[in-house]
Number of protein chains: 2
Amino acid sequence: MSLKKIGSGTYRMEHPPVITSSAAVVGRMEKQGPLGAWFSHWHEDEYCGENSFEKAESRMQKEAMKDAFEKAKISEKNLDLVFAGDLLNQCIGSNYSLRDSGVQFFGLYGACSTMVEGLILSAMAIDGGFADRCAAVTSSHFCSSERQYRFPLEYGGFRPQSAQWTVTGAGCAVVEGEGQGIMIRHVCPGAIVDMNITDMANMGAAMAPGAALTLKRFLDDTATTPSDYDLILSGDLGKIGSSLLVELLKTDHIVLGENYADSGCLIFDPASQDVHSGGSGCGCVASVLCGYVLPEMQKGRWDRVLVMGTGALMSPTSIMQGESVPGIAHLVELSV
Amino acid sequence: MSLKKIGSGTYRMEHPPVITSSAAVVGRMEKQGPLGAWFSHWHEDEYCGENSFEKAESRMQKEAMKDAFEKAKISEKNLDLVFAGDLLNQCIGSNYSLRDSGVQFFGLYGACSTMVEGLILSAMAIDGGFADRCAAVTSSHFCSSERQYRFPLEYGGFRPQSAQWTVTGAGCAVVEGEGQGIMIRHVCPGAIVDMNITDMANMGAAMAPGAALTLKRFLDDTATTPSDYDLILSGDLGKIGSSLLVELLKTDHIVLGENYADSGCLIFDPASQDVHSGGSGCGCVASVLCGYVLPEMQKGRWDRVLVMGTGALMSPTSIMQGESVPGIAHLVELSV
C-alpha cells in the first residue's frame, strides 16, 4: 500500500505544502453579513461592472487571483498548475477567468466542494514532487445560480425554508512547497453518498451524509476526535444540513461541539438577512476560508483546523428526470 | 524547481505508472465505423435500456468501468481514487455512474480533454506516492449533447460542414503503480488558448491552437520530434481542426507526418457516415484510446505514443453572450 495513505482513505503529506496567500472577493450581501469586516474586496454592483452575471463571476475569480498573487508577490507566470471550477454549466466561470493566464490548468467539477478539491489536488501535486506552486480557485454568484438552477430572478419565485442562498463570491489560495503560511497536513477526498433526497430545495440534507462519511473516515484514519481540532468548518450544509451532520455523527458516537461551524451559517446573519437555511455555492466555503479562516489562523486564533467542502452533485436535468441528489465532501487538515 | 518538471511544463514520472486495463462502450454508429471491430461492447439502442439519454450515458460509464475492472481482476473496492467527468451540465454522467461505488472521487471538467486530464491526475497521484490504483473515466452521447448544446433532436436542424458529430461512447482506464501494461512516461497539462473563434459549429478550429501549444511545449521540453513517436493521436479536432494543427505547427517548423491521427477522424467513415468534420466529445478519444489504441499497443503495433485530449471550454450561455471559444489540450506519453 502507498506510504502516504492512512487507513481507508486519508493521505498524509510528507512535506506539508503551505498555503502562502489567499484572497476572497464577495458581493454586497456578503459584505453586509457577520464576516463583512474580513472582506475588504467587494462589489456593490451584482454585475461587477460586466454585462452578464456569468462574466461577473469570472471577473470575481480574476480579482481573487490578482489579490492572492499580489500578497504572495508572484504573478500567474510563477504558477506551475491551477485547479479551478465553478457551478456554471461547463464551468465557464473558471474557463474564462483563466483564458488569458497562460497557466497550465486542470478544470474541476466538484459542485460546492470545488475549493477543497482544488486544495487537495494542489497539495498532492506539490507533495508528489510535480509542482512548486499551485493555486486553487472557485466562485459562485447568486444571480447566475438562480437562473441556471431555479428560476429567472424576474419571476420572483418563493423559496421554501429549507432552501439556501447562493453566495456571491470567489476565493483563491496559493499553495507552495516552501514558505510562511498555513500547512496542509492531511487530505481526505470524498466518496459520493446518496440518501435518496429528491428535493432540490433541501441540499443541506442531501449533502450531510457525504460529509458525515468523510469526517468519520478522517477521524478514524488519523485516530483523532473532534476535540483535537480548534475549528471544524463545513462548506455549505446550512442550518438544516449542519444539524443533520451533528445527528448523523452522533450515531457513530462522534460528538461535534462548539468548535464546529458551517460556512453557510457564518456568512449571513439569520436575524437581518433572510437567507432561509443559510449560504451555499462554491463561493461560500471559498470566501469564508480564503477571506476569514486562513487570515485568522495566521493571527493565531486557531491552530489546527479541518475544512470540509461539501457538494451536491445533481443538475436541474437529473432532478426533472426524478433522480435523487448525490452528495460529496472533500476534507483538508490545516495547521499553523 | 521540482525534480519532475522538465522545461516549461512537462512532467516526468519517476516510476512510470501503468495502464493495466481499459475498456470502451460505444453506440451503434461507432460500432458501424472503421474501428467497429475493436468495440466488442456496444448498444444498438441509444437509450441503452434506460429512459433518458443522460441515464444512458451514466450506464455506458458504468459498463466501461465494469469491463475494465473485470479485465484487471479488481473491483471498485480496490481503487484508491477515481477521476471522472463528462460534458453534461454539472457532470451528471459521472456523478451518477459513481454514485453507488463508494470510491473516493475527483470530479473533472475538461470538456473533451477529460480522459487525458484524468490519466494525468491518476499518474500524478500514483507517482506522487498517494495511490496504488486509480481509474480515469469519461463519456459522451450524441443525443444528450445535441439537446444540451444545440437543438432538440426533433427539430431536425441542419448542421454546417464544419460541425462535428458527438461520439456516443464511454471509456475507462485503470492506472496502477505496478503491473503489466502501457506505461505513462511523461504528462503535459494544457493551458487555455483562445484565438477568438466564435462559431460553436467549428470547434476543431477553436481547439487546434491549444493543441499546437501543448504539443510544441512537450516536444521542446523533451527535446524530441514527431518522428520519435509511432503514433501521435489528438482527441477530437476533426478534419478541419487537425489540418489546422498541422498548419500551425509548420510555422514552428514542427512537421506532423503519417504517424499523426485524430480520434475524431478515425472513428467514423467519411464516405459512408455523414458526420461532416468528424467525431467529437469526451467519449471520442476515450473510446478510441481505451478500445483501440491501448489494445493495439499491447499487441505490439505501436511502442511509443502521444495522446492529446482536446477540449473546447465554452458553454451555450457564453456563446450566446458573444464570447469566443477557449481551447485546451492535455497530453500523455505512453510506451509499452
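Paramagnetic label reach from A:R150 (point 7 Å along Cα→Cβ; backbone nitrogen cut-off under 20 Å): within segment A:99-114, residues A:111-113. Peptide A:310-318 has a mean of 6 when you count, residue by residue, the C-beta atoms of other protein chains within 10 Å of its C-beta. Across identical copies of the chain, A:G322 has label-point separations of 4.4 nm, listed in ascending order, with the point defined 7 angstrom from Cα along Cα→Cβ. For chain A, the relative contact order is 25 percent, taking Cα pairs closer than 8 Å that sit 6 or more residues apart in sequence and dividing their mean separation by the residue count. Please name whichever of B:A212, B:C188, B:L249 sits farthest to the positive end of the charge dipole of segment B:182-335, dipole taken about the Cα centre and charges placed at Cβ: Lys and Arg +1, Asp and Glu -1. Toward the positive end, the furthest listed residue is B:C188. Rounded, prolate or oblate, given the Cα gyration tensor of segment B:161-311, with a/c below 1.5 counting as rounded? Oblate, because a/c is 1.5 or more while a/b does not exceed b/c.
Based on the mean of other Cβ atoms within 10 Å per residue, sort peptides B:252-263, B:283-294 so the most packed one is first.
Working: B:252-263: 16.6, B:283-294: 31.5.
Sorting B:252-263, B:283-294 by mean packing, highest first, produces B:283-294, B:252-263.
Step through the table entries A:K71/B:K4; A:K5/B:K299; A:K77/B:K77; A:K31/A:K239, compare each Cα-Cα distance with 29 Å, and write down the pairs that go over it.
Numbers: A:K71/B:K4 27 Å; A:K5/B:K299 34 Å; A:K77/B:K77 40 Å; A:K31/A:K239 20 Å.
Correct reply: A:K5/B:K299; A:K77/B:K77.
Placing a label point 7 Å from Cα along the Cα-to-Cβ direction at A:D303 gives distances to the equivalent points in the other copies of 5.8 nm, listed shortest first.
Eigenvalues of the Cα gyration tensor times 5, then square-rooted: what semi-axes does that give for chain A, in whole angstrom, largest first?
On the way: eigenvalues 140, 122, 66 Å².
So the equivalent ellipsoid measures 26, 25, 18 Å along its semi-axes.
Across peptide B:43-54, the mean count of Cβ atoms from other chains lying within 10 Å of each residue's own Cβ comes to 1.
Could you list log10 I(q)/I(0) for the protein assembly as shown at q = 0.08, 0.09, 0.10, 0.12 Å⁻¹, which the Debye formula gives when each Cα is one point scatterer? Here log10 of I(q) over I(0) equals -0.51, -0.65, -0.82, -1.23.
What is the dipole size for segment A:182-335, taken about its Cα centre, with +1 at each Lys and Arg Cβ and -1 at each Asp and Glu Cβ, in debye to the nearest 20? The calculation lands at about 220 debye.
Shape analysis of segment B:5-176 places it in the prolate category; the axes a ≥ b ≥ c from the Cα gyration tensor give an a/c of at least 1.5, with a/b above b/c.
Among A:88-100, A:128-140, what's the highest-first ranking by average C-beta atoms within 10 angstrom per residue?
Working: A:88-100: 26.4, A:128-140: 28.5.
Result, highest mean Cβ count within 10 Å first: A:128-140, A:88-100.
Nearest chain A C-beta to the A/B rotation axis, reported as residue and distance in angstrom, is A:G128, 1.
Partner shielding of B:132-144 amounts to 0, given as the average count of beta-carbon atoms from other chains within 10 Å of each residue beta-carbon. Where does the Debye-calculated log10 I(q)/I(0) of segment A:31-132 sit at q = 0.12 Å⁻¹, using only Cα point scatterers of equal weight, no solvent? Log10 I(q)/I(0), no solvent term: -0.45.
I want the antiparallel fraction of DSSP beta bridges within the protein assembly as shown, as a percent rounded to 5.
Close to 65 percent.
Approximating the spin labels as points 7 Å out from Cα along Cα→Cβ, the A:R301-to-A:K77 distance works out to 3.7 nm.
222 nm [θ] for chain B, helices only, -39500 (n - 2.57) per DSSP H run of 4+, per residue, to 500? After summing the helix terms and dividing by residue count, I get -9000 deg cm²/dmol.
With its label point put 7 Å out from Cα toward Cβ, B:E76 sits 3.8 nm from the same residue's point in the other copies, in order from shortest.
Packing order of peptides A:198-205, A:304-311, highest average first: A:304-311, A:198-205 (average count of other Cβ atoms within 10 Å over each peptide's residues). Out of the DSSP beta bridges found with both residues in chain B, what percent are antiparallel (nearest 5)? Percentage antiparallel, nearest 5: 65.
Values quoted throughout were computed directly from the atomic coordinates according to the rules given, and no laboratory measurement underlies them. These figures come from a predicted structure and were not determined experimentally. So basically every Cβ, Gly included, is an ideal-geometry build from the backbone, and we count neighbours across all protein chains shown.
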